[in-house]
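> This is the structure, below, for whatever I ask next.
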Amino acid sequence: VESWADETLLFVPHREGDTRGVQLLDELQVEEVFMKLTDSKISLASLLKSPYVGPIRASVAVWHTKLSMVMVIMHEWLVLQRGWLYLEDIFTNLHFRRQFRKEDKAFGAVDTFFKKRMRWAHDIPHVLTACACR
């Protein structure tokens with residue numbers, strides 16, 4: 001549990017010399033966070049099975065649930081990031097944007113949400129805070 005107090009996310013620029021300032025999750029570091037989450041969840045699950053967990057059972061269960069939620073959120077975040085990267089590449093093409101105005105508008109909403117979320121997480125990179133599990 002204490003090991004999560006200082007766990008932060010690392011970010012990388014979207015593109016070299018990116019003037020828009022879009023920062024993306026560092027996928028290699030996220031994989032390390034997943035490994036740490038898995039190790040922590042296994043330890044907590046073992047504690048929950050122990051006959052001696054009695055007085056701290058509720059706290060252990062809360063942490064197990066919290067770390068499970070972080071794992072789900074981080075996974076979905078990476079899915080969103082990969083999807084955004086794919087679509088952002090398409091929608092930077094002016095010809096495509098003119099041809100598919102309805103889709104461009106829908107992507108604009110996703111683009112705004114994604115960039116706002118990434119700026120927020122970059123400013124407050126603590127894993128539990130970024131996943132709203134604190």
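> Which residue fluctuates the most in the chain, going by a Gaussian network model with Cα springs under 10 Å, if the choices are V70, V60, V33?
Maximum fluctuation in the GNM of the chain, among the listed residues, is at V60.
> Continuing with this model, one more query. Given the Cα atoms of the stretch 1-77, and with Rh set as the inverse mean 1/r over their pairs in the Kirkwood sense, what is Rg to Rh to two decimals?
In the stretch 1-77, Rg relative to Rh is 1.14.
> In straight Cα distance, which lysines are under 25 Å from K36, not counting same-chain residues fewer than 8 positions off?
K36 reaches K49, K66.
> Treating the beta-carbon of each Lys and Arg as +1 and of each Asp and Glu as -1, no other charges, what is the dipole magnitude of the stretch 24-107 about its Cα centre, to the nearest 20 debye?
420 debye
> Could you compute the longest span of the chain free of chymotrypsin sites (Phe, Trp or Tyr not before Pro) located in DSSP loops and having at most 16 other Cβ atoms within 10 Å, not counting the site residues?
That would be 1-51.
> Could you work out the local net charge near D104, counting Lys and Arg as +1, Asp and Glu as -1, over the other residues with Cβ closer than 13 Å to its Cβ?
+2
> How large is the accessible surface per residue of the chain, computed with a 1.4 Å probe and reported in Å² as a whole number?
Value for the chain: 65 Å² per residue.
> If I ignore ligands, DNA and RNA and count only protein heavy atoms, how much of R57 is accessible to a 1.4 Å probe, in Å² to the nearest 10?
110 Å²
> Compute the long axis of helix 27-49 from its Cα atoms, compare it with the longest principal axis of the Cα atoms of the chain, and write down the angle in degrees, 0 to 90, nearest 10.
For helix 27-49, the angle is close to 30 degrees.
> Can you give the angle from 0 to 90° between the axis of helix 57-91 and the longest principal axis of the chain, with both taken from C-alpha atoms, to the nearest 10?
With rounding to tens, the tilt is 10 degrees.
> Another question, then. Straight distance only, please: which lysines reach the Cα of K115 with their own Cα at less than 23 Å, same-chain residues fewer than 8 apart left out?
Here the lysines satisfying the reach criterion relative to K115 are K102, K105.
> Same structure again: Note down the Stokes-Einstein diffusion coefficient of the stretch 47-122 in µm²/s, whole number, using a Kirkwood radius over alpha carbon pairs, 20 °C, and 1.002 mPa s.
Details: Rh = 15.5 Å.
So the translational diffusion coefficient is about 138 µm²/s.
> Calculate what fraction, in whole %, of the accessible area of the stretch 66-134 sits on carbon and sulfur atoms when a 1.4 Å probe is rolled over the protein chains.
Answer for the stretch 66-134 is 61 percent, counting heavy atoms of protein chains only.
The values are calculated or read from the model by the stated rules, or taken from the named source; none is laboratory data. If you're wondering where the values come from, they're calculated on a predicted model, not measured in any experiment. With ideal geometry, Cβ positions are generated from the backbone for all residues, glycine too; neighbour counts draw on all protein chains shown. Heads up: the accessible areas ignore ligands, DNA and RNA and are worked out on the full protein's heavy atoms, side chains in. Shrake-Rupley method; radii C 1.70, N 1.55, O 1.52, S 1.80 Å.
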